[in-house]
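Data block below; observations after.
The values are calculated or read from the model by the stated rules, or taken from the named source; none is laboratory data. Worth saying up front: this structure is predicted, and the values here are computed from it rather than measured. Note that each Cβ is placed from the backbone with ideal geometry, even for glycine, and that neighbours are counted across all protein chains shown. Note: accessible area is taken over every heavy atom of the protein model, side chains too, but ligands, DNA and RNA are not part of it. Shrake-Rupley method; radii C 1.70, N 1.55, O 1.52, S 1.80 Å.
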4 protein chains.
Amino acid sequence: MPNNLTDLVAELALANRILAHEGALDAFGHVSVRHPADPGRYLLSRSRSPQLVEPTDILEYTLDSEPLKRAKMPLYAERVIHGCIYQARSDVMAVCHHHAAAVLPFCVAGKPIVPVSHLGAAIGEETPFWDQHDEFGDTNLLVVKQDEGHSLARALGHHSVVLMKHHGATVVGGGLKELVSRSIFLCQNAEYQMHAHMLGTPQPLHRGEIELAGGINLLPGVIERTWEYWSMRLKAARALPPPAGSKRKKRR
Amino acid sequence: MPNNLTDLVAELALANRILAHEGALDAFGHVSVRHPADPGRYLLSRSRSPQLVEPTDILEYTLDSEPLKRAKMPLYAERVIHGCIYQARSDVMAVCHHHAAAVLPFCVAGKPIVPVSHLGAAIGEETPFWDQHDEFGDTNLLVVKQDEGHSLARALGHHSVVLMKHHGATVVGGGLKELVSRSIFLCQNAEYQMHAHMLGTPQPLHRGEIELAGGINLLPGVIERTWEYWSMRLKAARALPPPAGSKRKKRR
Amino acid sequence: MPNNLTDLVAELALANRILAHEGALDAFGHVSVRHPADPGRYLLSRSRSPQLVEPTDILEYTLDSEPLKRAKMPLYAERVIHGCIYQARSDVMAVCHHHAAAVLPFCVAGKPIVPVSHLGAAIGEETPFWDQHDEFGDTNLLVVKQDEGHSLARALGHHSVVLMKHHGATVVGGGLKELVSRSIFLCQNAEYQMHAHMLGTPQPLHRGEIELAGGINLLPGVIERTWEYWSMRLKAARALPPPAGSKRKKRR
Amino acid sequence: MPNNLTDLVAELALANRILAHEGALDAFGHVSVRHPADPGRYLLSRSRSPQLVEPTDILEYTLDSEPLKRAKMPLYAERVIHGCIYQARSDVMAVCHHHAAAVLPFCVAGKPIVPVSHLGAAIGEETPFWDQHDEFGDTNLLVVKQDEGHSLARALGHHSVVLMKHHGATVVGGGLKELVSRSIFLCQNAEYQMHAHMLGTPQPLHRGEIELAGGINLLPGVIERTWEYWSMRLKAARALPPPAGSKRKKRR
């Protein structure tokens, strides 16, 4: 991850758009990164669909999920997801919350996603389930209170993915590129697992395989290849974010 | 919703194209809005695939579904769906009838769609079923007579969605943007529910959750975010409608 | 259908590309139309993927499926499908043979497609099955001999669609636009029917409904609306055929 | 296949992009061809997503999978798949390893893909299964050691496709165009077979049909038609590789 803040902000905008273009995010969902110089802050866009995020949309937040500068524009309602996880997990440098179509059927049926392919091993051996109703009863299912965020962070524990009943998933990573890969591989793995049910019983990797294959998306050859590929696809769709130094486009 | 008629007509054309681009409408289906100044009229395009609707295609109808000015161009055969619902439901400001691919399997199997995700709660606790055959025997399944329209409106009752056996769905809203969100969330919810059957049993939201989450798509931060997102996708596909003041393009 | 040959050839090229763009045809499949002035001839492209067919590719054939002018370019191997059906069915003015992805699972499982939606009624009450193996034993499954073509035409009988085991489907129409609609509605109906199996048991239309709804795609308002819509989608994809009078593009 | 090396390299770059564009390859997977003049060498890109491969990326390898000229850029980790198969099978002129979404559910459920359509016969009667765990215990599932490559080649035997548990498939051909067709037809056949499970039991071709239909994709009329079609789709997506003689584009 870049140490330079401008570069990191540009990479975060790009990560937003890659995840939207690859189907992990849609109108909703958000991606954040911990501040490279101050572990007590994180960077996240103002409330905006990820496909549209530009570097100038990115704001700084404390771990209480308050913006450092009082902003006039609307903010994501569920930003406590990010703040609470950064508080609980010092190893986490990036967080993505999403409602990917590949993952939702598992959230609806209450079935865990397990690694069934070598790339899917990136999600780890277990994806714990969190049902907001268990602790908070009837809500609108948005994670907006600090208590809700802390509860979700506890359910995540030391894992890399937590599934949210009737809602979606939250994924964490040791860096932005790792997070992007894991989020996309989670969706692919979920799709394979779901379709394998048509043919018989999906068979998860052996425990030792999960450990060994879990790091494939961190291999330098792999991380650069996927990043180049997803960026190229975004470019071909003319959907790259504007460069970091450019002025905000006027909205019509 | 805009009070200004020109702006509302432009928004209706945009709603047509958003719903087509997001897969709720295809060659068929139609979207209407109640007249902002006269609750006894509604606005609807002439017969045309929604993806092609321009502001100049939009006509005014009485609640008997007669055009105010006798038109030479063909009109939608099923416009009584709109008129009859506006008669029965003074709270309804916008109506969409569609044959979305995500919804049809439910109409074919005769199974209700139930809210299984927080955004899906926008459809309400129950989606009643209407089978034209029950009351009218063998027909071509198009809803073209006043009696058929009134029967459908009765089946809808105070709900937000009515499923039509072997045919499609009709969705209502308190405004155009609410309608557009609900129609798209209905499709997504249907897809999640259908796919969850591969994994086990889809589990609906708790009743209290449905009530609370039902309003998410009315939150100002959400309604603007989704509208911006869907409009951007339309623009990226170069499929925005021409501006309201522009002349009708000659058809070749 | 245009009586003018130039216009009909242009319409046939357009029909090829619409069917390819809407997913009924891919690298394979072909569409023909009976000659408007001579019922003993039909028009069909030289061997070429339908998405690429231009008016200059269209040749005339006798009902024995011999080209009127000896052509140097390769011809479709399976053109007897067209000739044999035109011989057997004087009411048929257009024929499409395809391997659509929505239809193949039925050809693989040996299950009939039945009309489950009002638009799907265009396929008629029954889609007979033809297994080339029954009469001809082991073949490469291509329908290339006159005997094979006649056998397929017998299986089609007076129906509108015949399913071909392990192979695809052949669809007929009283005109090109009717054929195009029926081919596309067949694919949509197949998809709805297949997905309904995830939810329960697909329920076909009542017999009387099939008869009445079967003609919807012949209603003037419908046939023009769908043709305009599918053409617009082709145009938006910059995939319209060159005009009939233009010279063949040199291939690089 | 071209004997001229420049033309063959151009064809290999094109094959990479066709397979990526048709969904057989994504960020991962690779395609090689045996050197036309020296059966002891093969051509394969440096480590790069296939959609991005340019003629200048293509390097020569010995059958031990060592590059002839020591390269500074990263190489595919799994290139032993290619070398070991070229050693074992003198009839094989081209190899593709991929993780296609249509194939993965079979690799996850441990179920073989069998030819269920006439084009699917290109895969042959049987697709043997290889589970790296059987011989090598816990690994990261990448095929990187000579022993692993030889084991995979043994599992392939005299077949055309080998399925790799939790991983993907490896496909071979007597030439590049045959390989491309077989890889794409494998994906389509897998999708038909999987979906047929929703309807009943997928029925494979008769053994004699498999033999006869297996050669369809080698018919001159077919091989040229598919190649033209897939190239046209790539061109329409503005994704053709740069010509063989052009300089490498600077990466930004």
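Being open to solvent by less than 10 Å² (accessible area, probe 1.4 Å) and of a type outside the set (Asp, Glu): is that true of residue B:144 here?
no
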Practice item. Give segment A:16-32 a look and list any residue that's within 14 Å of chain B (Cβ to nearest Cβ), open to solvent by less than 20 Å² (accessible area, probe 1.4 Å) and assigned to a loop (DSSP other than H, G, I, E, B), or say none. Key: A:25, A:27, A:28, A:29
Exercise for review: Take the residues in segment C:166-183 that are part of a helix (DSSP H, G or I) and of a type in the set (S, T, N, Q), then tell me which one is farthest from the other protein chains (Cβ to nearest Cβ).
Suggested key: C:183
Practice item. Go through the residues of segment D:184-194 one by one and say whether even a single one is out of contact with any Phe, Trp or Tyr (no Cβ under 9 Å at 6 or more places or on another chain), buried (at least 24 other Cβ atoms within 10 Å of the Cβ) and away from chain C (no Cβ under 11 Å). Key: yes
Point to revise | All positions within segment C:210-221 that are within 8 Å of chain B (Cβ to nearest Cβ), modelled with pLDDT under 95 and not in a loop (DSSP other than H, G, I, E, B) | key: C:216, C:220, C:221
Check your understanding: Restricting to segment C:79-101, what's the tally of residues that are surrounded by 24 or more Cβ atoms within 10 Å (Cβ to Cβ), of a type outside the set (Val, Ile, Thr) and under 14 Å from residue C:130 (Cβ atoms)?
Key -> 2
Exercise for review: Would you be able to say whether some residue in segment A:113-130 is closer than 20 Å to residue B:117 by Cβ, open to solvent by 10 Å² or more (accessible area, probe 1.4 Å), at pLDDT 95 or above and outside any loop (DSSP other than H, G, I, E, B)?
Suggested key: yes
Point to revise | Unique match (being among the charged types (D, E, K, R), touching a residue at least 12 places away in the same chain (Cβ under 8 Å), open to solvent by 30 Å² or more (accessible area, probe 1.4 Å) and within 12 Å of another protein chain (Cβ to nearest Cβ)) among B:207, B:154 | key: B:207
Exercise for review: Go through segment B:1-15 residue by residue and tally those that are open to solvent by less than 10 Å² (accessible area, probe 1.4 Å) and within 26 Å of residue C:226 (Cα to Cα).
Suggested key: 3
**Study point:** Selection status of residue C:138, outside any loop (DSSP other than H, G, I, E, B), open to solvent by 10 Å² or more (accessible area, probe 1.4 Å) and without any contact (Cβ under 8 Å) to a residue 60 or more places away in the chain
**Key:** no
Exercise for review: Residues being in a helix (DSSP H, G or I) and either charged (D, E, K, R) or over 16 Å from the mean Cα position of the chain (by Cα) (or both): count how many of those fall in segment B:141-154.
Suggested key: 6
**Study point:** Qualifying position, being outside any helix (DSSP H, G or I) and free of Cβ contacts under 8 Å to residues at least 60 places away in the same chain, among D:201, D:226
**Key:** D:201
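If we only count strands (runs of 3 or more DSSP E) wholly inside segment B:33-106, which ones have 3 or more residues that are in contact (Cβ under 8 Å) with a residue 40 or more places away in the chain and either within 26 Å of residue C:230 (Cβ to Cβ) or of a type in the set (Lys, Arg) (or both)?
B:94-98
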Check your understanding: Considering only segment C:120-156, how many residues are closer than 18 Å to residue D:211 by Cβ and among the small types (Gly, Ala, Ser)?
Key -> 1
Practice item. Quickly run through segment D:33-70 and pick out the residues that are out of contact with any Leu (no Cβ under 9 Å at 6 or more places or on another chain), closer than 26 Å to residue A:232 by Cβ and open to solvent by 40 Å² or more (accessible area, probe 1.4 Å). Key: D:56
Check your understanding: residue A:161 passes all but one of (1) open to solvent by 10 Å² or more (accessible area, probe 1.4 Å); (2) closer than 30 Å to residue D:111 by Cα; which number fails?
Key -> (1)
